[in-house]
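Nothing in this text is a laboratory measurement; each read-out follows from the coordinates by a stated rule. None of the values given here were measured: they were computed from a predicted structure.
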Amino acid sequence: QVPFTKTPMAQDAKKEPVAVEDPSPPIRITVVPRPVEVAPSTAEPTTKPGQPLALAVKVNRQNGYVGPIRLSLKLPPGLAGIQGTEVVLPADVQETILPIQVASDVPVGDKGGVTIRGLAHVGDQAIPVDARIVLKVVN
């Protein structure tokens, strides 16, 4: 809405709001499917404080993607004492173990918001593909 009057020089001219459109040239967007899907062996892996966890992760390559895939563990803010070791899957590998270290002082309970991040490079772009898990720390 823009204030407008047909007689701008008139002293008592009342400016009424007028709808104004500002067209732009069209753009083309191409949406492509993900190059990979990341699937942990379980959505709720279980471990004990101070014990390492070897989480099996499968990677389903899609749409002809044959490049390497980098797997890492991403933690939500405030979750300390858990650390994953980054793993790189070569082009011919579909499954690996993602090592996870759990410190001995990590409290028992469910740790939600933990993400396994797969990173595939297509051209010059890194495309993240995530899988969420709930890490269960038990006695």
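Taking the DSSP bridge list for the chain and keeping only pairs wholly inside it, about 95 percent are antiparallel. Cα-based values for the chain, radius of gyration first and Dmax second, are 26.2, 84 Å. Dividing the convex hull volume of the alpha carbon atoms of the range 33-75 by its residue count gives 97 Å³ per residue.
How large is the translational diffusion coefficient of the range 23-102 in µm² per second when you combine the Kirkwood radius over alpha carbon pairs with Stokes-Einstein at 4 °C and 1.567 mPa s? Show your work: numbers first, answer last.
Numbers: Rh = 15.0 Å.
D = 86 µm²/s.
Distance from the Cα centroid of the range 86-116 to that of the range 1-39 is 47 Å (rounded to whole angstrom). When the Gaussian network model of the chain links Cα atoms closer than 10 Å, the mean-square fluctuations of Asp124, Asp110, Asp92 top out at Asp124.
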